[in-house]
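Reading through the structure tokens given below for one structure.
Quick note: the coordinates plus some simple rules give every number you see, no bench work behind them. As the structure is a prediction and not an experimental result, all values here were calculated from the model. Glycine also receives a Cβ, built like all others from the backbone with ideal geometry; neighbour counts cover every protein chain displayed.
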Amino acid sequence: MTISPRVLLVEDSQSMTSIYRGYLGSSAYEVTAVGTIGAAREALEAKPVDIVLLDVQLPDGNGLDFVDELLSRENAPDIVVMTAYATADMAVEAVRRGAVDFITKPFDATRLLVTLDNTVAQQKLRRDYARLSRRQGAGFDQFIGDSPAMQSVYQTIEALAASDAAVFVVGESGTGKELAARAIHDNSDRADAGFVILNCGAMPSDRLDHALFGADGAARAADGGTLFLDEVCELEPELQTKLLRFVQFGTFLGSGSGEEQVDARIICATNRDPLRAVQEGTLREDLYYRLHVVPLRMPPLRERGGDIALLAAHYLARFASESGKRFRGFSEDAMQALQRYPWPGNVRQLQNVLQEIVVLHDAGQVTEAMLPDYLQSGHIPTEAPAPATMAASSPEATAAPATARDVVEPLWLVEKRAIEEAIAACDGNVNRAAGLLEVAPSTVYRKLQSWKQASDPS
């Protein structure tokens with residue numbers, strides 16, 4: 001049985017109340033109408049409602065001041081403010097106080113129904129998110145998503161959790177590879193032992209050797225548990241040889257002269273195509289086949305359909321709660337913009353965008369104007385101009401014929417410039433820059449460190 005959404009109409013004009021009731025007469029909404037704030041309080045005590053249609057000018061007070069009281073209630077309704085005295089400042093104030101929408105009198109039936117339908121859709125989104133979170137609490141509490149692509153991931157994780165086989169998690173940066181590895185561990189017989197993470201792209205090879213096989217290294221720490229090697233394709237050849245032996249026999253040469261043995265399940269991850277890395281000679285073929293016993297592909301966000309809305313609702317609720325902000329949903333335009341964007345930085349990029357919005361704004365809903373410019377336009381920031389173009393635009397280029405040396409730069413310098421410009425465009429946020437560049441943040445950090453060391457030999 002479908003329950004009709006309950007609407008409380010707070011409007012002091014009897015003629016307007018009759019008109020609005022007529023607009024909603026054939027709809028699925030159950031409407032209760034009152035003419036004062038006091039009567040609204042009594043109606044809410046008698047029966048909770050889903051939406052309050054609230055006039056601003058009321059006989060016993062200002063509707064905007066009543067918004068705060070409504071939102072302080074347990075199971076607070078969503079509020080749509082309506083007024084004939086609309087100004088931009090009033091609209092901003094209504095949304096800032098926590099209203100989910102603002103409608104200007106006079107309005108027709110279509111406008112009213114679209115507003116209510118959008119509000120109900122936002123409520124359903126929040127319920128779906130809460131339901132999904134409860135259901136996944138048994139083992140996938142870190143994941144938000146109900147798309148077919150994610151359902152396949154959940155099924156694979158459940159199967160892998162019952163095994164001790166090596167797992168190779170592949171996926172673009174920001175797709176949740178570490179979360180998948182942790183979920184496999186948490187649902188396995190090794191859950192009571194350690195889940196040890198080592199990022200193979202985050203440190204030089206000499207330090208990485210010690211971090212993996214040293215006296216207090218990750219291999220020892222993972223004994224009885226799971227060793228997660230992130231960005232494994234970044235390992236130097238010598239370390240790949242040691243890792244191969246470790247994967248094959250569970251042994252390694254410790255800090256002493258003797259061989260040590262540990263019982264650790266190996267899960268690896270990369271944001272690259274591991275088979276291409278084999279073909280290019282950067283990943284040993286025998287190591288690849290030892291690690292690639294069971295592959296797990298994490299789908300990019302653009303393949304996850306409705307999960308974008310669920311994820312956006314999740315991060316908005318989380319960051320709003322942490323910051324004491326009033327956000328409860330998204331305008332229709334804002335949600336459409338989020339859903340049409342291809343998200344090259346995947347879930348991590350979406351998370352960063354929502355956090356930025358909550359930090360910079362406080363309102364009842366996220367509007368399209370709050371989104372970054374590239375989201376409003378649906379445009380992905382382009383790469384930096386090619387070196388040849390930049391050279392051709394310089395004064396020297398017009399003064400004399402260019403040679404190969406004039407127009408071709410070393411590849412590392414082109415890469416350095418692209419990374420620096422991406423970081424600058426993201427206001428210093430390396431994670432966002434890495435997402436737009438479609439590389440792992442660890443790769444960016446490692447390259448920045450190597451360039452710094454090269455410029456400062458001391």
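The order of 347, 49, going from fewest to most other C-beta atoms within 10 Å of their C-beta, is 49, 347.
Using the Cβ-Cβ distance between residue 421 and residue 206 with R0 set to 45 Å, the FRET efficiency works out to roughly 0.90. Note on residue 223 and residue 14: their simple-model spin labels are 8.6 nm apart, each label 7 Å out from Cα toward Cβ.
Give me the extension gain from residue 46 to residue 333: residue separation times 0.36 nm, minus the current Cα-Cα distance, reported in nm with one decimal.
On the way: separation 287, 0.36 × 287 = 103.32 nm, distance 3.51 nm.
Gain in length upon complete extension: 99.8 nm.
If you take the beta carbon distance between residue 28 and residue 215 as r and set R0 to 60 Å, what does 1/(1 + (r/R0)^6) give as a FRET efficiency, to the nearest 0.05? Numbers along the way, then the final one.
Values: r = 68 Å, r/R0 = 1.13.
With R0 = 60 Å, the Cβ-Cβ based efficiency is 0.30.
Label separation (residue 249 vs residue 158): 3.9 nm, computed from points 7 Å beyond Cα along the C-beta direction.
Could you work out how much longer the chain between residue 414 and residue 4 gets when fully extended? Use 0.36 nm per residue separation minus the Cα distance between them, nm to one decimal. Could the numbers behind the result be given before it?
Working: separation 410, 0.36 × 410 = 147.60 nm, distance 5.96 nm.
Stretched fully, the residue 414-residue 4 segment lengthens by 141.6 nm.
How many nm separate the modelled label positions at residue 68 and residue 302, each set 7 Å beyond the Cα in the direction of the Cβ? Simple spin-label model gives 4.6 nm for this pair.
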